[in-house]
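What follows is a set of notes on a single structure, which appears directly below.
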Amino acid sequence: MKRWATWVVVALFAAALGAGLFDAWVKRTDLPVTVTDSSVEIRDRDGQLLRAYPVADGIMRLAVTPDQVDPLYLSMLFRYEDKRFHRHSGVDPVALIRATVQSLRTGEVVSGGSTLSMQVARLLEDGTTGRWAGKLRQMRVAWALERRLTKSDILTLYLTHAPFGGNLEGVRSASFAWFGKEPRRLTPAQSALLVALPQSPERRRPDRATDRARSARDMVLTRMVDQGILDVTDGLAAITEPVPTRMKAFPRHAAHLTDRMRARHPDAQSLHLTVRADLQMGMEQLARRVAQQAGRRISTAIVVADIETGDVLASVGSAGFTDESRLGFVDMTRAVRSPGSTLKPLVYGLAFDQGLVHPETLIHDGPVDFDGYAPQNFDGTFRGDLRVREGLQMSLNIPVVKLTNELGATRLMDALKRAGAEPSLSGGQPGLAISLGGIGTTLEGLVQLYLGIASGGQGPVLRRIAGAPTSLQDRLMSPVAAWYLGDILRGVTPPAGGRRGVVAYKTGTSYGHRDTWAIGWDGQHVIGVWMGRADGTPVPGVFGGELAAPVLFEAFGRVKPDPAPLAPPPPDALILGVAELPQPLQRFRPRHAAFTATADAPQMLFPPDGARLAAQDAQITVKLRGGKAPFLVLSDGVPILSRQYQREFDVPIIGRGFATLVVVDGEGLSDRAQIRID
C-alpha cells in the first residue's frame with residue numbers, strides 16, 4: 001500500500017474514533033429539566049385569556065407554541081439570532097468562527113455566535129455567556145437537546161423562557177405586558193422590539209430605558225430591511241412607531257370567579273369558563289361606573305346567566321377587585337345578604353300551584369295580625385281589595401304574608417333549597433317574615449332561583465366550567481305558575497328609559513337599606529344585580545327600584561340590544577278576568593275559611609294523600625264525601641273540572657309525575673292530595 005493511502009486510512013480511523021468519542025460525550029450529557037412550570041391560565045368560552053397567575057417564584061411565564069406567534073416575529077428572530085437554526089445540529093460553526101474572528105480583531109464582542117439551541121441551554125441552566133467553560137457547556141447541552149428534542153420543541157422552549165425584563169419570561173408574557181395583546185398579530189416594530197429585548201432584558205426595558213430600547217429595536221429593523229425581511233417603506237414606518245413606556249397589567253377579568261374556580265380545580269393548568277370575555281368586560285365597566293356614581297363605599301355585583309344552559313356568561317363580584325375603599329376583594333355574588341322582596345315571586349308561584357289564588361284573584365290589603373306579627377307595607381298605607389297581580393307588581397307586604405301563612409314558612413324554605421338558592425337562617429324555625437327578606441341568600445342563589453322561574457318552573461343548574469355536564473334543579477312550580485309570574489312581572493313599570501313589557505323583573509331592598517336588588521329575565525337570559533356596601537352598613541334612603549333597577553336594564557341592553565321575547569302562555573294557562581274565574585278563585589279566602597277541615601268540608605276518599613297510581617285511559621277516579629256541590633277540581637293550581645255535582649267522577653290526567661289535586665266545594669271549603677302518576 002502506498003504511503004499516502006496509509007495516511008488516509010489512519011485519518012479516517014482517527015475521525016471515526018473521534019466521532020465515536022464525541023457521540024459518547026454528548027450522550028452522557030445530563031440535561032437540565034426541560035419541563036418547567038408555566039402560569040395557570042383561565043380563559044373564556046372562546047379561548048380569550050381572562051386571568052393568568054404567576055408561577056411559584058413570581059415569574060409570569062405563559063405557555064406558548066410557535067403557531068401562537070406572529071410569523072413575522074419568527075422570521076426576524078431567525079434572521080437576527082440564528083439564520084441556520086433549521087440546518088445546524090445545535091452549534092453553528094460558521095457563526096462561532098465569525099464571532100471569534102470579530103472578537104480577536106476588535107478586542108470586544110461584536111456578535112455572540114450562540115444559536116437558539118445554545119441560548120435555550122443557557123436559559124434552562126441559568127448559565128453564563130462569556131466564559132469559555134460556560135460556552136462549552138452550552139454547546140454540549142445544545143448538541144444533546146438537538147438529539148433528544150425536535151426543532152419545534154427547542155423553539156418552543158426559547159419562546160417560553162426568553163427573558164423580557166422584570167418578571168417576564170416568554171414572548172406571550174412580553175406581548176401582554178408591553179402591548180396588551182396576544183402575540184398572534186404584531187406590527188413590525190413590536191416584533192423587532194421582542195427580538196431585541198432578550199439580548200439585554202434589564203438594560204433595554206422600555207419602561208426604564210426607553211432610548212436604549214428604541215435603539216435596539218431600530219437596529220433590528222435596519223437589519224431586517226437590509227436582509228429583505230422588510231421593505232424600505234415598512235421599515236421606515238416601523239421606526240416612527242413609539243416604544244411602550246410602561247408595563248401593562250395582565251388581564252384580570254372575573255377576578256373573584258377565576259380565583260374560586262382555580263381553588264376548586266387546583267391541579268388544572270388551564271381552565272375554560274362559560275364566561276364571555278367581551279360581556280364580562282362590559283359588565284365590569286358598568287359596575288365600576290354605577291358604583292362611583294352611587295357614592296362613597298358603594299359596590300356592585302352582577303351575574304348574567306343563560307336560561308337554556310345555565311352558563312354564567314358574566315360574573316362581577318365587586319365594583320373593582322383592587323378598590324380597597326369599596327372592599328373590592330369581597331365577592332358580593334357569594335356574600336350572604338337579606339334578599340328583601342325578591343323572594344315574593346316564589347311565594348306567589350307556590351300559591352298559584354296550590355290553588356290558593358290566580359293572578360286575577362281579589363285579595364284584601366288591610367291590617368292583619370298573625371299571633372303578634374303585624375306586617376306593614378313599605379309606605380304604611382293600605383289599599384283594600386286589589387288583584388293578586390297588582391299586589392305583586394306593587395310589591396305589597398300584607399298580601400304576600402297572607403299567602404305565606406297559608407303555604408307555611410317551611411314549604412317556602414323547602415322550595416328555596418330545591419331551587420339551589422342556599423337559604424341561610426340564623427337560628428330557630430322559619431317564620432312568616434322570610435317572604436319579606438328575613439333570611440339570608442346570595443346573588444348567585446337568587447339568580448339560580450329565577451332561572452327556575454324563567455325556565456317554566458324547572459331550570460338548569462348554574463354552570464361555570466365550559467363543557468361541564470349540565471343538570472336540572474328540582475322542579476319549583478308548574479309551567480303555568482311560572483308563566484303567570486313572568487306575565488305579571490313584565491308589567492312592572494320599568495326605570496326611566498327602559499322598555500316596558502320585554503323584561504320580567506323584581507326589585508328588593510333589605511331591612512335598614514343595607515342591600516338593593518334587581519333581578520329579571522327575558523326569553524334568553526337571567527340577570528341579577530346587587531348594590532350596597534360590602535361591610536353591610538346601611539345606605540340611607542336607597543331602594544332597589546331606584547338604584548339597582550336602572551343597572552339591570554342597562555345590563556340587558558349590553559347583553560343584547562333587543563331582548564328576546566318572553567315565552568308564550570302554556571295551553572292550560574287560565575287567562576280570564578276575575579268575574580270569569582271559578583267562584584273559589586275569585587276572592588282569596590284565609591285558612592279558616594278555605595282550608596280548615598270541618599264537618600261540612602269535602603273529604604277526598606280517593607285518591608288518598610301520597611297515593612301512587614298507574615295511568616289508565618288518561619284519567620283517574622275521584623271519590624268524595626261531604627261538602628256542598630258544585631265542586632271544582634284543580635291539578636297543580638290549574639282548573640281541570642268545574643261544576644261537578646256528583647261525589648264520584650273521573651278527571652283527566654294532565655301529565656305523569658307528581659301532582660297536587662285540590663277539590664273545592666261551593667262554599668269554598670277544600671281538601672287536597674299529593675299523588676304520583678306512573
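Among the residues of region 421-437, those that are within 20 Å of LEU476 (Cβ to Cβ) and either out of contact with any strand residue (DSSP E or B) (no Cβ under 8 Å at 6 or more places or on another chain) or acidic (Asp, Glu) (or both) comprise GLU422, PRO430, ILE434, SER435, LEU436. Taking the stated definitions as given, is GLY610 surrounded by 15 or more Cβ atoms within 10 Å (Cβ to Cβ) and assigned to a loop (DSSP other than H, G, I, E, B)? So GLY610 fails the test. If you go through region 293-305 and pick out every residue that is surrounded by fewer than 23 Cβ atoms within 10 Å (Cβ to Cβ), in contact with a helix residue (DSSP H, G or I) (Cβ under 9 Å, 6 or more places away or on another chain) and either of a type in the set (A, V, I, L, M) or not in a loop (DSSP other than H, G, I, E, B) (or both), you end up with 2.
The rows are residues; the columns are (1) closer than 22 Å to MET224 by Cβ; (2) assigned by TED's automatic domain parsing to the domain that holds ASP67; (3) free of Cβ contacts under 8 Å to residues at least 40 places away in the same chain; (4) touching a Ser or Thr at 6+ places or on another chain (Cβ under 8 Å).
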{"position": "THR150", "(1), (2), (3), (4)": "no, yes, yes, no"}
{"position": "LEU157", "(1), (2), (3), (4)": "no, yes, no, yes"}
{"position": "HIS161", "(1), (2), (3), (4)": "no, yes, no, yes"}
{"position": "GLY165", "(1), (2), (3), (4)": "yes, yes, no, no"}
{"position": "GLU169", "(1), (2), (3), (4)": "no, yes, no, yes"}
{"position": "SER175", "(1), (2), (3), (4)": "yes, yes, yes, no"}
{"position": "PRO183", "(1), (2), (3), (4)": "yes, yes, no, yes"}
{"position": "LEU186", "(1), (2), (3), (4)": "yes, yes, no, yes"}
{"position": "ALA189", "(1), (2), (3), (4)": "yes, yes, no, no"}
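You will find that of THR322, THR342, THR333, the residue that is more than 30 Å from VAL663 (Cβ to Cβ) and not in a loop (DSSP other than H, G, I, E, B) is THR342 and no other.
Tell me, please, whether a residue that is part of a strand (DSSP E or B) and out of contact with any Gly (no Cβ under 9 Å at 6 or more places or on another chain) can be found in region 347-367. Yes - at least one qualifying residue is present in region 347-367. Among the residues of region 416-435, those identified as part of a helix (DSSP H, G or I) and touching a helix residue (DSSP H, G or I) at 6+ places or on another chain (Cβ under 6 Å) are ALA419, LEU432, ILE434, SER435. Within region 428-435, does at least one residue satisfy the condition of being in contact with a Leu (Cβ under 9 Å, 6 or more places away or on another chain), of a type in the set (A, V, I, L, M, F, W, C) and closer than 19 Å to GLY520 by Cα? Taking every residue of region 428-435 in turn, none turns out to be in contact with a Leu (Cβ under 9 Å, 6 or more places away or on another chain), of a type in the set (A, V, I, L, M, F, W, C) and closer than 19 Å to GLY520 by Cα. Here is a check on your reading of the model: is SER325 buried (at least 21 other Cβ atoms within 10 Å of the Cβ), under 25 Å from THR509 (Cβ atoms) and of a type in the set (Ser, Thr, Tyr)? No.
A quick yes/no check of all residues on (1) assigned to a loop (DSSP other than H, G, I, E, B); (2) of a type in the set (S, T, N, Q); (3) closer than 20 Å to ALA351 by Cα:
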site	(1), (2), (3)
ARG475	yes, no, yes
LEU485	no, no, yes
ALA496	yes, no, no
VAL529	no, no, no
THR537	yes, yes, no
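Taking the criterion of being among the charged types (D, E, K, R) and within 39 Å of the chain's Cα centre (by Cα), the only residue of region 363-386 that qualifies is ASP379. State whether the residues of region 448-471 include one that is under 25 Å from GLY320 (Cα atoms) and among the polar types (S, T, N, Q). Among the residues of region 448-471, at least one is under 25 Å from GLY320 (Cα atoms) and among the polar types (S, T, N, Q), which makes the answer yes. When PHE382, PHE370, PHE352, PHE378 are checked against the criterion of being of a type in the set (A, V, I, L, M, F, W, C) and modelled with pLDDT of 95 or more, PHE352 stands alone in meeting it. For first residues located in region 52-76 and in a helix (DSSP H, G or I), partners that are crowded, with 18+ Cβ neighbours inside 10 Å and of a type in the set (Ser, Thr, Tyr) and lie 6+ apart or on another chain with Cβ distances below 7 Å form the pairs PRO66/THR156; LEU72/SER191; TYR73/SER191; MET76/SER191.
Of the residues examined, GLY459 is one that is surrounded by 18 or more Cβ atoms within 10 Å (Cβ to Cβ) and touching a Leu at 6+ places or on another chain (Cβ under 6 Å).
The values are calculated or read from the model by the stated rules, or taken from the named source; none is laboratory data. These numbers come from a predicted model, not from an experiment. Quick reminder, even Gly has a Cβ in these numbers, built from the backbone with ideal geometry, and neighbours come from all protein chains shown.
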